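One structure is given here, and the rest of the page talks about it.
The values are calculated or read from the model by the stated rules, or taken from the named source; none is laboratory data. Just so it is clear, the model here is predicted, and its values are computed rather than measured. Backbone-built Cβ (ideal geometry, glycine too); neighbour counts: all protein chains shown. Accessible surface areas use protein heavy atoms only, side chains included; no ligands, DNA or RNA. Shrake-Rupley method; radii C 1.70, N 1.55, O 1.52, S 1.80 Å.
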Amino acid sequence: MLKTVFCVFFGFFFTICPAFAQEIYVHGGLTNRTDSSDSSYAWGLTYLHGLGDYAAWSVSYMNEGHIPNHKRDGLSLQFWGRYPLFGRSVSLAAGIGPYMYFDTTRPSFDNSYSNTHGVGTVMSVSATLYTESRFLFQARSNWTWTSQNANTFATTIGIGYQLEGATKKDAHNESPHKTSPSGNNEVAILAGVSAINEWADHGTGWTGALEYRRNLFRYLEWSTGWLVEGGPVSRKGPMTQIWASRKFFDDRFSLGVGAGPYLGFEASRGGNVTKVDWLVSASASYQIHNNWAIRATWGRVTTDYDRDTDVVLSGIAYRF
């Protein structure tokens, strides 16, 4: 339920916010546990939606690496206050918001593990350099607090790209919306891999999906389909998701986040398991010719019986 509410919350902000400049970032660096000297790598992806000169909101995927007894990542929604300097060449910002995390923990020093989920808090500060082109450079620090008491501090550097508002001069200006001629329906055939989130080496296997997607409103989509996970999970079943999405570059490129139930039928551990799991996803697509597009999707299947998986899919889509 928390996952559904969180992603619907994303959709609310996609819908009500005016179309100020949007930015995407990829960043990497170091995670440190605040109560010890334990450290690991850190990396993430961020979509930031500007609300004029002094405010913004963002959606981020954060991977905190493998600190001892924890393999944690998740999604965050943050509200930012920011201040432009030097003719908008530099922007200083501070943000805070909820952090929906997924953690593979090891309670003992053997191969046993547990998949835990929850909502924490993340606070961030950043400094962003705007160039004369669409490219950006950013230094960022995150402080993360969770109920697990595995609180962390991460420092990253990253490169960004302005999806709208091409230069520092108009970085915060509103960009026009254009209507896509490719239709409101999409059928996609996707293939890729799935990896189980366990403490030992992740078992992987092929996976595939057949998906139908419908554009409901300007920033809202609905999808349904059939997912097949191979390898050590051997799970399959119907899925459906609600998506918050945003289109760019004459509506040829789109980004979205979604969540919904997945009725998984799994044959494993000496018996059959049928469960209603949750699927939380991020997806990107690009229209390559007329009604044809390519789509790539990452999804996290969250369970209550320690069989969480990462699902990475890509394939071809037809829009009509």
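Solvent-accessible surface of protein heavy atoms, probed at 1.4 angstrom with all chains present, puts ARG33, ARG218 in the order ARG218, ARG33, largest first. Its Cα gyration tensor gives the chain an equivalent ellipsoid; the semi-axes, largest first and in whole Å, are 32, 27, 15.
Taking every protein chain into account, the 1.4 Å probe leaves LYS71 with about 40 Å² of accessible area, to the nearest ten.
Here is the size of the range 28-80 from its Cα atoms: Rg then Dmax, 13.6, 42 Å. Remark: spin-label model distance THR155-ARG252 equals 4.1 nm, labels positioned 7 Å along the Cα→Cβ axis. Among the protein heavy atoms, those of HIS70 account for about 20 Å² of accessible surface (1.4 Å probe, every chain in place). If the segment from GLU132 to TYR286 were pulled out straight at 0.36 nm per residue, it would be longer than the present Cα-Cα gap by 52.9 nm.
Divide, for the range 237-320, the radius of gyration over alpha carbons by 2.2 N^0.38 Å, where N is the residue count.
Details: Rg = 15.4 Å, N = 84, 2.2 N^0.38 = 11.8 Å.
Against the empirical 2.2 N^0.38 Å value, I get 1.30 for the range 237-320.
Among SER36, SER194, SER141, the residue with the largest mean-square fluctuation in a Gaussian network model of the chain, with springs joining Cα atoms closer than 10 Å, is SER36.
If you wrap the Cα atoms of the range 59-165 in a convex hull and average its projected area over all directions, you get 7.4 nm². Ordering 43-49, 251-257 by mean Cβ neighbour count within 10 Å, with the highest value first, yields 43-49, 251-257. In angstrom, the C-alpha Rg and Dmax of the range 124-163 are 13.6, 44. For the range 225-274, the share of alpha carbon pairs falling in successive 10 Å distance bins from zero is 23, 33, 25, 14, 5, 0 percent. Once the piece of chain linking THR121 and SER89 is laid out straight, how much longer is it, given 0.36 nm per residue of separation minus the C-alpha distance between them? Separation in residues times 0.36 nm, less the Cα-Cα distance, equals 8.5 nm. Note: relative contact order over the range 240-320, using C-alpha pairs below 8 Å and six or more positions apart, is 22 percent. With every protein chain in place and a 1.4 angstrom probe, the accessible-area ranking of ILE294, ILE24, largest first, reads ILE294, ILE24. If only the Cβ of Lys and Arg carry +1 and only the Cβ of Asp and Glu carry -1, the dipole of the chain around its Cα centre is close to 600 debye. Excluding the site residues themselves, the longest part of the chain lacking any GluC sites (Glu not before Pro) in a DSSP loop with at most 16 other Cβ atoms within 10 Å is 175-320. Taking every DSSP helix (H) stretch of at least 4 residues in the chain, weighting each as -39,500 (n - 2.57) and dividing the sum by the residue count yields a mean residue ellipticity at 222 nm of -1500 deg cm²/dmol.
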